[in-house]
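Asker: Structure below; questions to follow.
The values are calculated or read from the model by the stated rules, or taken from the named source; none is laboratory data. None of the values given here were measured: they were computed from a predicted structure. Cβ sites come from the backbone with ideal geometry, for glycine too, and all protein chains shown count toward neighbours.
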Amino acid sequence: MLDLLKELKDCDTVAISGHVRPDGDCIGSVMGTYLYLRKVFPEKTIIPMIEKPAPEFSVISGIDDIVTDFQPGVPRFDAFIGLDSSSPDRYGDAGIYFETAKKTIVIDHHISNEGFGDLRYIDGEASSTCELICDLMDRSLADKEIAMPLYIGIIHDTGVLQYSNVSPKTLNTVAWLIGYGFDFSKIIEETFYERTRLQNEMLGRALIESITFMDGKCIASKIDKKTMEFYGADSHAFEGIVNQLRFTKGVEVAIFMYEVESMEYKVSLRSRGLVDVAKIAKFYDGGGHARAAGFTMKGTFYDIVNNISDSIAIQLDEE
Ligand code: AMP
Ligand code: MN
Ligand code: MN
């Protein structure tokens, strides 16, 4: 197994990054790794670099240390740790530091990850990147502040320990983490379930305007740019919509998309299990997991739905 501390021993500068539009697992793994490495190596320059996390993640200690706006003139890091990202283009603006780093370490659990980086710990079966960080840590060096973001990441990527990506190892890891005594119930409530008024309005709208097809096996909805501008909504406002669509009785695949540029959509797919949506997302240059995947595509809502429904039909026919 990758020996993280040994690999970083001689590195003075370390960047830690994750994917664009960071979710709970991305933020949790970046912050858990950051707090751990900062504790073990207080003399090193260690920089967490991802897009600004949503406000509910401010319970994580050190969250303000995240660097979001990268200065022109690229420092060459001794090591770049890339987390929760199936390919280097997912690092967004931080990708340049991946390109220039002397050593790259990739830790990820996306089934669509084909393997990249100098050193890797990639396990497509793992619940979350946070679970993988817990595998790699010297647990005797952990503390409550480090455990909390790692717990958040596991909770978010497993839908509160509900999805099929949960294994006995996941639960053992969670058992160890909550042993640190943070208020895990409050954390789930405030980072996972709680919605802003705007998020609930977007959810309501997306549910009402959704369409079903293929005998109710598929459901799709969208929020376009005009609506986003009217409500002042950004991607954070759509958190959880695709999961809620998936809960519709009879649905195998849920599709939610929002317009990132005129006639260009960020598409989220969720499957109940029969359809491998990672395969579909990968076909359109995205990625993800068998039951949760995404990609970006040009076209109208209906063009995109047509494209995806062909791919879904092929898989359902095979079943
Ligand atoms: P989302 O629908 O954005 O919540 O993403 C679901 C899963 O698919 C997450 O694990 C994402 O990291 C992954 N994913 C989403 N969009 C992309 C993309 N464009 N490329 C690769 N992976 C993606
Ligand atoms: Mn993620
Ligand atoms: Mn993840």
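Asker: Quick check, is ILE208 touching a residue at least 24 places away in the same chain (Cβ under 8 Å) and either in the same structural domain as ARG291 (by TED's automatic domain parsing) or buried (at least 16 other Cβ atoms within 10 Å of the Cβ) (or both)?
Answerer: Values: touching a residue at least 24 places away in the same chain (Cβ under 8 Å): no; either in the same structural domain as ARG291 (by TED's automatic domain parsing) or buried (at least 16 other Cβ atoms within 10 Å of the Cβ) (or both): yes.
No; evaluated as a whole, the condition is false for this residue.
Asker: Run down ARG139, ARG120, ARG90, ARG76 and say which single residue is charged (D, E, K, R) and within 13 Å of ligand 1 (Cβ to nearest atom).
Answerer: Residue meeting the stated conditions: ARG90.
Asker: Please give the number of the condition THR68 fails out of (1) at pLDDT below 95; (2) within 16 Å of ligand 3 (Cβ to nearest atom); (3) hydroxyl-bearing (Ser, Thr, Tyr).
Answerer: Unmet for THR68, out of (1) at pLDDT below 95; (2) within 16 Å of ligand 3 (Cβ to nearest atom); (3) hydroxyl-bearing (Ser, Thr, Tyr): (2).
Asker: Further question on the same structure: Report, by residue number, each residue of region 57-84 that is of a type in the set (D, E, K, R) and either in contact with a Lys or Arg (Cβ under 8 Å, 6 or more places away or on another chain) or surrounded by 20 or more Cβ atoms within 10 Å (Cβ to Cβ) (or both). Please lay out each step first, then the result.
Answerer: Applying the first criterion (of a type in the set (D, E, K, R)) to region 57-84 yields 64-65, 69, 76, 78, 84.
Scanning region 57-84 gives ARG76, ASP78, ASP84.
Asker: Now, a different point. What number of residues within region 137-176 satisfy the criterion of being within 20 Å of the chain's Cα centre (by Cα), surrounded by 17 or more Cβ atoms within 10 Å (Cβ to Cβ) and part of a helix (DSSP H, G or I)?
Answerer: 15
Asker: Considering only helices (runs of 4 or more DSSP H) fully contained in region 223-319, which possess at least 3 residues that are of a type outside the set (Ser, Thr, Tyr) and more than 21 Å from GLU209 (Cβ to Cβ)?
Answerer: Values: elements: 225-231, 241-246, 277-283, 301-318.
Counting at least 3 such residues, we get 277-283, 301-318.
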